[in-house]
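First up is the structure itself, then whatever we jot down about it.
What follows is calculated from the coordinates using simple rules that are stated; it is not laboratory data. Please read all numbers here as calculations on a predicted model, not as lab measurements. Here the Cβ is made from the backbone with ideal geometry for all residues, glycine too, and neighbour counts use every protein chain on show.
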Amino acid sequence: MNERSPVEDRVHALKSLKKTPNEAMEASHQLLAQRRSDIPLELAEEMLGFFKNQRRHGLAMSCLSYLSAHPDMEFREKARTALIEVAKAHREKH
């Protein structure tokens, strides 16, 4: 039987979330506990889409800022663009 690594456990936990506001907070803490280089690109893409659409702009901006330093250059640009969009939405709301 194959055992999962701690990173794989976190990836599995994040993918299986129903993503309620409390789960979003937990997901963000788990995400921020990862080294950027340990976050698989597929998971980073999923989390980008999730945090980009969060109503909690502060939480989303923290996570998107973290993702914007991902080692994959193309993904970094997507995360930075999403961060700008969320920041604009936050500014318009307040």
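So, in region 38-58, how many residues would count as being of a type in the set (Asp, Glu) and within 18 Å of residue 94 (Cβ to Cβ)? Qualifying residue count, region 38-58: 0. Give the residues of region 61-85 that are within 16 Å of residue 38 (Cα to Cα), surrounded by fewer than 15 Cβ atoms within 10 Å (Cβ to Cβ) and not aliphatic (A, V, I, L, M), sorted by residue number. If the condition is that a residue be within 16 Å of residue 38 (Cα to Cα), surrounded by fewer than 15 Cβ atoms within 10 Å (Cβ to Cβ) and not aliphatic (A, V, I, L, M), then 71 is the only one that fits.
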